[in-house]
Amino acid sequence: MTDLSIPTVRNASPHEDPRPDPSAVAAALAAAENREPIDVDQAVALLHCAGDDLTRLQSVAGAIRDEGLAAIGRPRQVTYSRKVFIPLTRLCRDRCHYCTFVTVPGKLARAGEGLYLELDEVVDLARRGAELGCKEALFTLGDRPEDRWPQAREWLTERGYSSTLDYVRAAAVAVLNETGLLPHLNPGVMSLEELRRLRPVAPSMGMMLETTSRRLFTEKGQPHYGSPDKDPLVRMQVLRDAGAARVPFTTGILVGIGESMRERAESFFAIADAHAGSGHIQEVIVQNFRAKPDTAMRSTPDAEMTEFLAAVAVARIVLGPHMRVQAPPNLVSPAECAALIASGIDDWGGVSPLTPDHVNPERPWPNLDALAARTAESDFVLTERITAQPSYVLAASEWIDPALADHVGALSDPETGLALDTRPVPLPWPAVA
Ligand SMILES: O=c1nc2n(C[C@H](O)[C@H](O)[C@H](O)CO)c3cc(O)ccc3cc-2c(=O)[nH]1
Ligand SMILES: C[C@H]1O[C@@H](n2cnc3c(N)ncnc32)[C@H](O)[C@@H]1O
Ligand code: MET
Ligand code: SF4
């Protein structure tokens, strides 16, 4: 894709990624078509599918998705969450090489921007979103900036907060009280204690696993080198802790940051494994980041899209019919949205009629009517959900903190767990009878 202006990462030491034997690909495809459980080796083979093989792979993935949606009485629905994006702070103690969201205090000062959004700025964004029917306030921010930036620590202390996560909690409460939007928290690594403390202010939270590749973290020059929060061992612990805390949790992988096909496959199995323990992974995002090709010959733009579609299909096959599989519609072209549906997704994630995708600011959201039309072209109905996926809303006593019952109840249909056609209104938190 020539219009993709996300910064690129060059593999410092191109990792060995041997092409599987064609007979291995054929055998893995046959296993998938017969709905036999596949192992990592077979998943690696499937990630290499192109051409007619990719078409076969997509049709298996699409059929599995269709069965899963039919089983929960929502055939042919692709969901999305109408949201506002709240970039609470762009300061971060990490330095992921692919990230353009992160910034430094000096740059913020020169741009006349604060280190954090103030509470009134947060509430103002949420309120403007509410007027447009948004139901989710997505808090995405840098990880623990106070550990790196004394100015950030000072900003928090001056206002009476002990940490960035403490401030996230206060901002979520302000949004609930003053607008009724439902917070989804994506603040990076959280401890079990922090997850438990945040659970009463957000029906769902998330953190991308990114990858299980430890090499990308330990080796100098790799995209996660120098980012302590991107150690896959730390991130896997967060996934398990979110299950222990019974938080509906979003995770996923970033495709194309220098991971090998085997590492890509292992990442899906690692997520499946975390989910098998607690049943809390509410959706898995397959997000495309495109590494600069090692050689122009080997990795043409078309090949990158082929690889991405194979990754989506393999995610569906490994994670099965009951997982929601999400790919953002703003990181591909309109025509490629149809290919994502064909590859087995059932969710577009958060889409905003108001705020940009601050992580990918050069990739505007499709307008909701256009997205509905694109979805309809594939014979699916664009359906609004709230931040927690329907099955978790329907099992609220197990998954959603009682302090949020009124807020969630006001915006979701108790029969389907999907979003109601309504606008949020301020409601007191914790809810009183
Ligand atoms: O607009 C974005 N939303 C992102 N979202 C939000 C997502 O689109 C929705 O808000 C969730 O599906 C909840 O409804 C994330 C949520 C997570 O929990 C973890 C990672 C992401 C990543 C992004 C992202 O890059 N851009
Ligand atoms: C919020 C999530 O956004 C993803 N993320 C961060 N930077 C980029 C980029 N340049 N392109 C695509 N996704 C990105 C990471 O997966 C992070 O966890
Ligand atoms: C812009 S990234 C947002 C969340 C967090 N900093 C992470 O990387 O997981
Ligand atoms: S942790 Fe998140 S915000 Fe920080 S640099 Fe990495 S991707 Fe960017």
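The values are calculated or read from the model by the stated rules, or taken from the named source; none is laboratory data. Computed from a predicted model, the values in this text were never measured in an experiment. Positions of Cβ are backbone-derived with ideal geometry, glycine not excepted, and every protein chain shown enters the neighbour counts.
Note on segment 106-143: residues that are in contact with a Gly (Cβ under 8 Å, 6 or more places away or on another chain) and within 16 Å of ligand 3 (Cβ to nearest atom) amount to 7. Within segment 203-221, take every residue that is crowded, with 21+ Cβ neighbours inside 10 Å and more than 13 Å from ligand 4 (Cβ to nearest atom) and give me the one that is farthest from Val325 (Cα to Cα). Checking each candidate, the answer is Ser213. Cβ-Cβ contacts under 8 Å between residues 6 or more apart (or on different chains), taken from a first residue in segment 370-383 that is over 16 Å from Ala339 (Cα atoms) to a second residue that is hydrophobic (A, V, I, L, M, F, W, C), are listed as Thr383/Val78; Thr383/Leu418. Taken over segment 308-330, residues that are outside any loop (DSSP other than H, G, I, E, B) and either at pLDDT below 95 or of a type outside the set (A, V, I, L, M, F, W, C) (or both) amount to 4. Looking across segment 271-304, the residues that are assigned to a helix (DSSP H, G or I), away from ligand 3 (no atom under 16 Å from the Cβ) and at pLDDT 95 or above come down to Ala272, Asp273, His275, Ala276, Ser278. With the condition kept exactly as written, say whether any residue in segment 175-183 is over 27 Å from Val351 (Cβ atoms), within 16 Å of ligand 2 (Cβ to nearest atom) and outside any loop (DSSP other than H, G, I, E, B). No, because not a single residue in segment 175-183 is over 27 Å from Val351 (Cβ atoms), within 16 Å of ligand 2 (Cβ to nearest atom) and outside any loop (DSSP other than H, G, I, E, B). Taking helices (runs of 4 or more DSSP H) as the structural unit, those lying wholly within segment 363-418 and holding at least 2 residues that are among the hydrophobic types (A, V, I, L, M, F, W, C) and closer than 22 Å to Gln287 by Cα correspond to 368-377. Selection within segment 199-229: residues that are more than 15 Å from ligand 2 (Cβ to nearest atom) and not in a loop (DSSP other than H, G, I, E, B). The member of this set that is nearest to Leu181 (Cα to Cα) is Val201. Looking across segment 98-128, just one residue is among the aliphatic types (A, V, I, L, M), over 22 Å from Arg169 (Cα atoms), part of a loop (DSSP other than H, G, I, E, B) and within 16 Å of ligand 4 (Cβ to nearest atom), and that is Val104. Note on segment 230-257: residues that are of a type in the set (Gly, Ala, Ser) and away from ligand 2 (no atom under 13 Å from the Cβ) total 4.
Report yes if Leu165 is within 14 Å of ligand 3 (Cβ to nearest atom), assigned to a helix (DSSP H, G or I), closer than 24 Å to Val359 by Cβ and modelled with pLDDT of 95 or more, otherwise no. Yes, satisfied. In segment 82-97, the qualifying residues are those that are outside any loop (DSSP other than H, G, I, E, B) and either hydrophobic (A, V, I, L, M, F, W, C) or free of Cβ contacts under 8 Å to residues at least 24 places away in the same chain (or both), and the one that is nearest to ligand 1 (Cβ to nearest atom) is Phe85. Within the option set Leu46, Leu69, being more than 16 Å from ligand 2 (Cβ to nearest atom), in contact (Cβ under 8 Å) with a residue 12 or more places away in the chain and within 19 Å of Arg264 (Cα to Cα) holds for one residue only, Leu46. If you filter segment 41-56 down to residues that are part of a helix (DSSP H, G or I) and among the small types (Gly, Ala, Ser), you find that the one that is nearest to Val318 (Cα to Cα) is Ala43.
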